[in-house]
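Notes to accompany the following structure.
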Amino acid sequence: MAKLTVERLKKQFGTSIAVDELTLEVAQGEMVALLGPSGCGKTTTLRMIAGFVAPTSGRMLLGGNDITRVPPHVRETGLVFQSYALFPHMTVAENVGFGLEMRGVSRAQRGPLIAEALGLVRLSHLADRFPKQMSGGQQQRVALARALAISPKLFLLDEPLSNLDAKLRAEVRTEIRALQQRLGLTTLIVTHDREEALTMADRLVVMEGGRVRQVGSGRELYEEPRDAFVAEFVGRCNLLPATREDDERVRTRGGLLLSSRRRADESSSASTLAIRPERIAIEPGHHAEIKGQLEAVTYLGAHTEYQVLLGESERVVVTRPTPVRDDPMLSVRTSDPVSLTWDTEAPRLIPETAKD
Ligand code: ATP
């Protein structure tokens, strides 16, 4: 396994820029997720790293060696796609051995390598089956084994779970992460699913419009988003335009004074109060500082979501564990007065989403 370094990678299709000077690093044995909405350039980035798309400019290093112009089959990258891309006329073992055969590994040498790769994904007993005789989850594990059989220096995964149903997705997700950690695989995974990225990756790269918005651990991105785009992309977030009133409070555009402690990293241009729904406490009546009116209650099983109107026009969403037994929130109905409180440390003041 080797470290991946991507420097100012750019891809232009005609006049449109799909990837714009992207720089990132995946340390040896680390798993990094490229996360972003459809069309943000994730797949193009992965395909440039795999060698299927030639960059317009920039360079890529694997283990210190420049691979920018190295053809895909000599890059030593193991690739797993969304569509398992297994050959239907080949058995599982033949599929897993395909990459080895292409690299000129003899039949005799392939046998033990195929067996080892199938053992890793716990499919040794199905080596003679054909793909159509297997479930989607098993097929994706065959694709993983095929990518691993060549002992890649870099493991590249392109939305590997999106063809699986929810239960299988969770299973294969856990399996990939366990394998990645056990084998110390340097891995880059592309996904548009934040839960997938948060649960699997050591670090996340949030992309938008071909550019990197923020890089960090799931916790950093969730707790300390740099801008409103990241704040909303990694989880639900209340965003209220506001300006700082003093060290402890901000004033919203609608004229409300809300508590929010000034932070060391706060820029003077900050203009949006960002607070996660679960960081807000809600109670019936108008006894606390922030007074509102309940507009909607949504029961979500373990959690309940409350939409609250503050002042004339500002809305916030609050989530909390669903109230039970004698919890006063049980009897609150739409249009009732409610009050909100939050720890002054809970919100952040961040710049408004800049569409730069
Ligand atoms: P998705 O999650 O939908 O796959 P993505 O983040 O992977 O999206 P890309 O597939 O990398 O995004 O596409 C980035 C941009 O580049 C898009 O605007 C897309 O239309 C454009 N693009 C991608 N491939 C080509 C191509 N071969 N020719 C022209 N434009 C392309």
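Listed values, structure above:
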| quantity | calculated |
| --- | --- |
| Condition check for E295: farther than 23 Å from T322 by Cα, surrounded by fewer than 19 Cβ atoms within 10 Å (Cβ to Cβ) and among the acidic types (D, E) | no |
| Per-region count, region 138-172, residues in a helix (DSSP H, G or I) and surrounded by fewer than 19 Cβ atoms within 10 Å (Cβ to Cβ) | 5 |
| Pairs, first over 16 Å from R59 (Cα atoms) and aromatic (F, W, Y) in region 1-29, second within 12 Å of the ligand (Cβ to nearest atom) and at pLDDT 95 or above, C-beta under 6 Å, six or more apart | none |
| Of all residues making up region 1-40, the number that are surrounded by fewer than 19 Cβ atoms within 10 Å (Cβ to Cβ) and within 16 Å of the ligand (Cβ to nearest atom) | 12 |
| Exclusive hit being within 16 Å of the ligand (Cβ to nearest atom) and under 18 Å from V96 (Cα atoms), set L144, L188, L156, L161 | L156 |
| Lone unmet requirement of (1) crowded, with 20+ Cβ neighbours inside 10 Å; (2) out of contact with any Cys (no Cβ under 9 Å at 6 or more places or on another chain) for A231 | (2) |
| Subset tally (residues that are in a strand (DSSP E or B) and either under 20 Å from the mean Cα position of the chain (by Cα) or within 11 Å of the ligand (Cβ to nearest atom) (or both)) for region 44-60 | 0 |
| Any hit, region 269-281, residues being surrounded by fewer than 13 Cβ atoms within 10 Å (Cβ to Cβ), hydrophobic (A, V, I, L, M, F, W, C) and not assigned by TED's automatic domain parsing to the domain that holds M207 | no |
| In region 8-43, residue farthest from S217 (Cα to Cα) [restricted to those that are of a type in the set (K, R) and assigned to a strand (DSSP E or B)] | K11 |
| Search result, residues across region 61-79 that are away from the ligand (no atom under 15 Å from the Cβ) and outside any loop (DSSP other than H, G, I, E, B) | L61, L62, N65, D66, P72, H73, V74, T77, G78 |
| Odd one out for R263 among (1) part of a strand (DSSP E or B); (2) loosely packed, with under 15 Cβ neighbours inside 10 Å | (1) |
| Test result for V121, of a type outside the set (K, R), within 22 Å of G184 (Cα to Cα) and within 16 Å of the ligand (Cβ to nearest atom) | no |
| Test: residue in region 270-292 that is part of a loop (DSSP other than H, G, I, E, B) and closer than 24 Å to V205 by Cβ | yes |
| Selected residue [in contact (Cβ under 8 Å) with a residue 40 or more places away in the chain, within 23 Å of E223 (Cα to Cα) and of a type outside the set (D, E, K, R)] from L294, L340, L310 | L340 |
| Selection from region 41-81 of residues that are surrounded by 16 or more Cβ atoms within 10 Å (Cβ to Cβ), polar (S, T, N, Q) and more than 26 Å from T199 (Cβ to Cβ) | T68 |
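The values are calculated or read from the model by the stated rules, or taken from the named source; none is laboratory data. Please read all numbers here as calculations on a predicted model, not as lab measurements. Reconstructed Cβ throughout: ideal geometry from the backbone, glycine too, with neighbour counts over all protein chains shown.
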